[in-house]
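Here is the structure we will look at, set down as structure tokens.
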Amino acid sequence: MSDSIIRTTTKLAITMAEKYIREGGIAVDATAGNGNDTLALSNLVGASGKVYAFDIQKEAIERTGKLLARSSLFDNVVLICNSHEKISSYIKEKGQVSAVVFNLGYLPSGNKNIHTMAESSIKAIKESLGVLRKGGLISIVVYPGTEEGKNERDAVFHFAKSLPPEKYHVCRCDTPNQPGNPPEIIWIEAKSL
Ligand code: SAM
């Protein structure tokens, strides 16, 4: 497997999130899917930390549960089969979350007709801002390869761009020499001061 961090967008996104997460911290996977990000977050926060993982599909929650049972070192994940729009109803630790990761789109090897939607994704990102600690990170991988994915990318970027610069730092990352419409990442950091 390649050691490159920038070649695979999802790898780059989780590598960046790692910098914001400490043992004992709280992290959120807003789109659990096959559980790869949830597993990475679980290992980062460790035995004394906690991960909340959301997905609207039972199939995704089951796949994530199975991956954790096989590979997680810790019993520290709360699996929630509900929309990430409800983040703040489940997370009591307001202002304490180190990172919220979104990997938008559909479940790989699943039903492609069930995918994230611009309106609910923006609502979930707003909810995430409400639970994030100062200095924490929201990471959003977007997929502009379809018309809906492009609209969602534009909506997320438009929202992130509108955030007040004295409170948030926003960064957008793409891979401009790659063919097609490769995924991009939008990061939102809540400033510490
Ligand atoms: N992070 C995952 C992984 O590591 O395998 C991949 C996520 S996959 C690209 C996107 C997931 O978002 C799908 O499993 C889909 O069911 C989920 N999803 C779609 N709409 C959602 C919503 N409103 N709330 C939570 N999850 C949603």
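Computed from the coordinates by the stated procedures, all read-outs in this text should not be read as laboratory data. In this text, all values refer to a predicted model and were calculated from it rather than measured experimentally. Heads up, the Cβs are rebuilt from the backbone with ideal geometry, glycines too, and the neighbour counts pull from every protein chain shown.
Between the listed residues 141, 46, 158, the Cα displaced farthest toward the positive end of the dipole of the chain, a dipole computed from Cβ unit charges relative to the Cα centre, is found at 46. The residue list 57, 73, 83 was ranked by how far each Cα lies along the charge dipole of the range 9-190 toward its positive end, using unit charges on Cβ atoms, and 73 comes out on top. For the range 9-190, the antiparallel share of DSSP beta bridges with both residues in that region comes to about 40%. Peptides 121-131, 102-112 ranked from most to least packed, by the mean per-residue count of other Cβ atoms within 10 Å: 121-131, 102-112. I need the shape label for the range 51-124. Rule: rounded when a/c is under 1.5, else prolate if a/b > b/c, else oblate, with a, b, c from the alpha carbon gyration tensor. Oblate.
Magnitude of the charge dipole for the chain, about its Cα centre and with charges confined to Cβ atoms of Lys, Arg (+1) and Asp, Glu (-1), is about 380 debye. Distance between Cα centroids, the range 179-193 to the range 1-69: provide it in whole Å. The range 179-193 and the range 1-69 have Cα centres separated by 17 Å. Summed over qualifying helices (DSSP H, 4 residues or more, each -39500 (n - 2.57)) and divided by its residue number, the chain shows a 222 nm mean residue ellipticity of -10500 deg cm²/dmol.
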